[in-house]
1. By per-residue mean of other Cβ atoms within 10 Å, what is the highest-first order of 273-284, 614-625, 363-374?
2. What percent do you get for the relative contact order of the range 302-482 when only Cα pairs under 8 Å and 6+ apart count?
3. Apply the Karplus curve 6.51 cos²θ - 1.76 cosθ + 1.60, θ = phi - 60°, to the phi angles in the range 60-71 and return the couplings in whole Hz, x for Gly and Pro.
4. Quick check: convex hull of the Cα atoms in the chain, volume per residue, rounded to a whole Å³?
5. Leaving out same-chain residues fewer than 8 places away, which lysines sit with a Cα under 16 Å from that of LYS160?
6. Output needed: percent of Cα pairs per 5 Å distance bin for the range 677-730, bins running from 0 to the one holding the longest distance.
7. If you count, for each residue, the other Cβ atoms within 10 Å and average over each peptide, how do 190-196, 604-610 line up from highest to lowest?
8. Would you mind checking which residues have amide H under 5 Å from VAL110's amide H? H placed 1.01 Å from N; only 5 or more apart, or other chain.
Amino acid sequence: MIEKQKSTLLKRRKIAIIAISAFIVLLIPTLIFVNYFVKTETIYDVDDTKYIIKYKDGSYSIYDTDGIELDVDDEYGYYVTASGTLIDLDSETGEYEIVAIVDTEGTEEVGHNSRILMFPNIEKKNIRSIEVVNDEGSFTFVRYNVEKNTVDDSCDFIIKGSPLVSFDQELFASLYVTAGYTLTTRKIQDPIKDANGEYTEYGLVSEMRVDEDGEEYAYMPAYYILTDTSGNKHKVIIGDMLVTGGGYYVQYVNMENGVEEKRDAVYVLSTTVGDTLLQPIETFVTPQIVYPMSMNNYFDVENFSIIRENAESENGYEQVVGFSYIDLSLRENTIEANFPYVFTAETLDGYTPDSDNINTALYALYDTAFVGVTKLSPTDSDLLKYGLAKESTDENGKTTVELASKYIMTFDFDLLDDDGEYESTIQQRVLISDKNEDGNYYAYTLVYVKTDKGYDFAYSYDMIVEIEGYSLEFLNWNSLKWINQTYIYLNIAYCEEVTLASPNYSATFDLDNSKSSQSNGTNSDRLEVIASDSNGNSVNTFSSLTVIDKDGLIWEITTSAINAYDSSGTKLTIDTAYYAYNKLGSQVRVVSGYIPCADGTRVYVTADAVTVTNSNDEVIAEYVRYATSLFRKFFQTMIASSIENSYEVTDEEESAIVTDENWLLTITITNSKDETSEYKFYSIPDSKRKAYITINGNGNFYVLSSRVQKFINDAQRFFALETIDPDAKN
């Protein structure tokens, strides 16, 4: 009985303990909930914004109604409300004190960390224009409809007066943020006024000042006027920089109703003012010398020309170079296939352009190394100052300014529409100064539109730019840099006649390439040459021979191969054929014995000759099998020759060299277009090693005299059917 009572008592105790534990578990969140709300306090700011002081994680903090903790002032550790009120809070007790309330006036607005905005933030989308006036000049960015020639809030910004000029978008972004978001670093307490009640002390008033050299000058503070898309204007005067360099003194000017009224306050704006609002407009402008090119078309120019000053010339200028690009589609399978450029300057007629150097020059225009824009919208005095114009006075004493420069570069360039279709052709005329003291150039560009009647002036890029000297070094290249020094640059397939003439020897080579396959326009596998010289020699070179043997098989013999076909055109195996080396050291196919032909003749094919005899082995015809290859060696001698260097002379000096007494040799080459190039060589009296060369009458270069003699020597070797080494010295 007693044991049963004990068991019942223990059971009741367990139930009680469980019940108490459950009560405690339920009580804990209740206590947390009560404690959380008991340790809170609501406060209201001057603008009736509600804030809450909460006890959380062992300390008190101030939160907004979204539960976000307020920012803390960096200097004193005060909480800062949206309106700029400073609150000192004891994090242990939760007690607080209102330290300061930011007073505002007029268009002022409290910004981040209780700093004052002189007027509410105006974003880019709400800005119509920004007019800037500073020591460097004045400029305005404005939303403008270029086609309608009117201000338009729906359009992009342009530089007023220069609507076609591109500008740095990143720097412009810094400008409109600085102008539209006037968050001051501080507002001066009790600023000093002069006798007129102005803030001269801070550079906010015009006055006479003295520079470092003791010279007096008129000082005027800078300012800007921002106009929003509603027509509201905000003007800010920019004064001196703080002695510490930490910003600029500024003053706000109310412009309501068109009346300017200075606010009786001095503020400090950050140093970004100096990086944007105190800069000249040229800092913002993207420098431009030519119409924007791409990697796909920078080389595609026509009538490219460089002229430079030459006091001895009739008009004061001389042409350095002139050339045009020939599109590949127009060159394929033609004589110009490997020549993307052709000279248009008469002084270089007959020479082959150096494509690599020309591409280097044109690439420098595509990727120009700019120092920057020196002057936007230059005046006559600016053009004179930077060597891009000259002044002249007529007989009546009237002075005029006209464009003139050390160099003038012109070229035509095709403009395409958005679909890549031809739109128009423009001529760009770039005036380039002599080098300045830094070794750089100044340039100014005019643009003309090509019409049926010529070229009409369209516009200029409206800027003087400075360019790194190395970027335009091609302006000073002599002719040697523009030409391919391999002066006979012709595919033998397009050659029809070569003649040599010297005081003691002459030779003529007529080339017939009609038997060659012209499927690709450049083949010369069946070339034949008929040649003769002044020593009475003549050579008819061999290209191919086709015969039918007594079994009806067709044999085709060329300079290096032998093939046999049956009547159906099937190629057969020739058991009697093998390879041997000819006199020139080339491997060719020959046959043992002879080919018995259906007409009773016999054809012998050796490495060096093809001989046709009758049945009695009497020679009917004999062909030197390697003669065409030998002529190719002679031709290689010519095309492997190169100009050594420039030999620039005056007209008078050239006349003294180009005489019958000094004449060494003339090579004349006629191509398949019936165009003739004439190469003449003359001894130079003061040099046995050098020979003066003219091509189509144009000189100023020299070659090696030994090479000129080799032309004659190799021609004679050809007629003697002797080995020719194009790389040998003589």
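Readers should treat all values here as calculations from the given coordinates under stated rules, not as data from a laboratory. Since the structure is predicted, the reported quantities are computational estimates derived from the model, not experimental observations. Cβ atoms come from the backbone with ideal geometry, glycine included; neighbour counts cover every protein chain shown.
1. Descending packing order for the listed peptides: 273-284, 363-374, 614-625.
2. The value is 21 percent.
3. 8, 9, 10, 10, 8, 5, 8, x, 9, 5, 6, 5
4. Each residue corresponds to 415 Å³ of Cα convex hull volume.
5. Straight-distance partners of LYS160: LYS148, LYS375.
6. 5, 19, 23, 20, 17, 12, 4, 0
7. 604-610, 190-196
8. LEU117
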